[in-house]
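Everything below concerns the one structure shown next.
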Amino acid sequence: MELFGLERNYWTGSMRRCNIQRTHLIKCAMDSSYSNMANDPTVIFPRINIRDPYKRLGISREASEEEIQAARNFLVQKYAVHKPSVEAIESAHDKIIMQKFYERRNPKINIKKKVRDVTQSRVVQAVVSRFRTPSMNFIIKTSIAFIILGALTVLFPTEEGPTLQVAISLIATIYFIYNRLKSKMRAFLYGAGAFILSWLLGTFLMVSVIPPILKGPRSLEVTTSLTTYVLLWVSSTYLK
């Protein structure tokens, strides 16, 4: 019996020592785990204080919904141990999703894209290809001629309207176009066509779009003539 009691006391003491040792090991492991978590810089989300939700998630503004969701899942999984980081990631994700939803409900007109599409269309490209920039001396020469015609039209209006000045503008247009193209037939056709289109467009603008700038009995004719001079100057100077 004494031998049995000694053996039981021996095993009891051994079990206590094992329990104490195991408790110590678990405590050391937990302390080590929390210590590594506190000292690990990757646990806290580094962009937690960035206000822009796109920059916070590290994605572009053109990212698709799949890319947004993938970025959110990746970051949440990586920083799951830090609650403020997860909240910042979720907040950025929710803001982006709400913004995408609002843009779908209220689509904005991209003015730059519209202008680029118009300027790159075939019609505009065909029109632009018909014009070229001449020398500076030629631009100054045509500018002086039409400025003088405009001044004469404004300063010396007649009862019949600026008929003489308009006729001179047609002759000047044909002359300047011939001076560049060196072809009488093309100069006459281009000049006459530019004159007719300019006069019709000027009349339409003055009657339907732009109110008369000048006052007087012949204000409409004078203003239309000035608009026509501008269009004829462009045609005689830049038309190819």
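Some observations on this one:
- Members of segment 183-215 that are of a type in the set (A, V, I, L, M), open to solvent by 30 Å² or more (accessible area, probe 1.4 Å), at pLDDT below 80 and in a helix (DSSP H, G or I): Leu205, Val207, Val209
- Among residues of segment 49-68 that are within 13 Å of His93 (Cβ to Cβ), those with a Cβ under 8 angstrom from a residue that is of a type in the set (Phe, Trp, Tyr), sequence gap 6+ or separate chain, pair up as Ala63/Tyr54.
- Helices (runs of 4 or more DSSP H) (entirely within segment 62-151) containing at least 2 residues that are aromatic (Phe, Trp, Tyr) and more than 21 Å from Tyr190 (Cα to Cα): 83-105
- Among the residues listed as Leu57, Leu75, the single one being hydrophobic (A, V, I, L, M, F, W, C), open to solvent by less than 20 Å² (accessible area, probe 1.4 Å) and closer than 13 Å to Val43 by Cα: Leu75
- A residue that is free of Cβ contacts under 8 Å to residues at least 12 places away in the same chain and either of a type in the set (D, E, K, R) or touching a Ser or Thr at 6+ places or on another chain (Cβ under 8 Å) (or both) can be found somewhere in segment 81-89.
The values are calculated or read from the model by the stated rules, or taken from the named source; none is laboratory data. Since we're looking at a predicted model, the values are computed, not measured. With ideal geometry, Cβ positions are generated from the backbone for all residues, glycine too; neighbour counts draw on all protein chains shown. We work out accessible area using only protein heavy atoms, side chains counted, and drop any ligands, DNA or RNA first. Shrake-Rupley method; radii C 1.70, N 1.55, O 1.52, S 1.80 Å.
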